[in-house]
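First comes the structure, then the notes that go with it.
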Amino acid sequence: NLNLQEDRDNFDYIYLRESLAKLEGKELHKKRTHINKFERTYSNIRVAPLLSSNINDAYFILDEWQKEREEKDDSDFNEAKEGLSLLKDERFLLEGIILYIDETPVAWTLAEIMREKKCALVIFEKAVSKYAGGFQYVNYALANFLSEDILYINREQDLGNLGLRQAKMTYRPIKFVKKYKITV
């Protein structure tokens, strides 16, 4: 006898790409305010595609991000490093961006473009915390960078981390990809 139970900690969050790119409306006003503050605080902001030619900048950000972790063994550092190494692998449709402030690399994100090219699955997103708002800005910048043909952004699960869950919910997902646990 199989028992099927929703696994809320592993639901994927699905957003409209256009909504994350424009941050319009009352519900996303605070997000737009964060983006405006980031743009006022930091001059010389540049967003560049994540390519083989600047991948060392992404590794630099990853190393800085890892140094900030209290629980180094509990991070996805090695997985993110492996993800970057797959950037050139043609079996995957990977796209990403790097965020620079005054030519210093401060954040990056990497997404897999799903085969039907209507959805981007964000795999990794890393930022150096001393640049307040870096995570929010790179999220916004990726939504603007991606092709307008991409309708959805899947920002994956929160793994039961309540802070991450709250942050993901504030972007107003349009739906969840529900996942289940099966027990016997």
- Taking amide H positions as placed in the peptide plane 1.01 Å from N, state which residues far from E156 in sequence (5 or more) or on other chains have amide H under 5 Å from it. Y13, V122
- Add +1 for every Lys or Arg and -1 for every Asp or Glu among the other residues with Cβ under 14 Å from the Cβ of A167, and state the total. +3
- Message: Taking the Cα centroid of segment 1-43 and of segment 113-184, what is the distance between the two, rounded to the nearest whole Å?
- Response: 7
- Note on the structure: A correct Karplus calculation of ³J(HN,Hα) over segment 107-120, with 6.51 cos²θ - 1.76 cosθ + 1.60, θ = phi - 60°, whole Hz and x for Gly and Pro, returns 7, 8, 9, 10, 10, 9, 8, 5, 3, 7, 6, 10, 9, 10
- In percent, what relative contact order does the chain have, based on Cα pairs under 8 Å that are 6 or more apart in sequence? 41
- If we count every other residue with Cβ under 15 angstrom of R32's Cβ, Lys/Arg +1 and Asp/Glu -1, where does the sum land? +3
- Note on the structure: Heads up, segment 1-80 by the C-alpha gyration tensor (a ≥ b ≥ c square roots of eigenvalues; a/c under 1.5 rounded, else a/b over b/c prolate, else oblate) looks oblate
- Per the helix-only calculation at 222 nm, which mean residue ellipticity applies to the chain, given -39500 (n - 2.57) for every DSSP H run of n ≥ 4 and division by its residues, nearest 500 deg cm²/dmol? -10000 deg cm²/dmol
- Message: Give me, ordered by chain and number, the residues 5 or more places off L94 or on other chains with an amide H under 5 Å from its own placed amide H.
- Response: I113
- Per-residue accessible area for I101 at 1.4 Å probe radius, Å² rounded to 10? 10
- Message: Give me a comma-separated list of calculated 3J(HN,Hα) values for segment 54-71, in order, Karplus coefficients 6.51, -1.76, 1.60 applied at θ = phi - 60°, integers in Hz, x for any Gly or Pro.
- Response: 10, 5, 5, 5, 5, 5, 4, 4, 4, 4, 5, 4, 5, 4, 7, 6, 6, 9
- HN-Hα couplings for segment 37-49 via Karplus (6.51, -1.76, 1.60; θ = phi - 60°), in whole Hz with x for Gly/Pro, come out as 5, 4, 5, 6, 6, 10, 9, 6, 7, 9, 10, 10, x
- Message: For D149, D12, D63, give me the order by solvent-accessible area with a 1.4 Å probe, most accessible first, ignoring ligands, DNA and RNA.
- Response: D149, D63, D12
- Please say if segment 113-184 is rounded, prolate or oblate, where rounded means a/c under 1.5 for a ≥ b ≥ c the square roots of the C-alpha gyration tensor eigenvalues, and otherwise the choice is prolate for a/b larger than b/c and oblate otherwise? oblate
- Taking R0 as 45 Å and r as the Cβ-Cβ distance between L93 and K30, the FRET efficiency 1/(1 + (r/R0)^6), rounded to the nearest 0.05, comes to 0.90
- segment 1-94 - percent relative contact order, Cα under 8 Å, separation 6 or more: 17
- Message: Suppose the chain between E116 and L164 were pulled fully straight at 0.36 nm per residue; how much longer would it get relative to their current alpha carbon spacing?
- Response: 14.5 nm
- Excluding E148 itself, calculate the net charge of residues whose Cβ lies under 14 Å from the Cβ of E148, where each Lys or Arg counts +1 and each Asp or Glu counts -1. +1
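The values are calculated or read from the model by the stated rules, or taken from the named source; none is laboratory data. Note that the coordinates shown come from a computational prediction; the quantities given were computed from them, not determined experimentally. Positions of Cβ are generated from backbone atoms using ideal geometry, with glycine treated the same way; all protein chains shown enter the neighbour counts. Remember, those area values only see protein heavy atoms, side chains included, never the ligands or the DNA or RNA. Shrake-Rupley method; radii C 1.70, N 1.55, O 1.52, S 1.80 Å.
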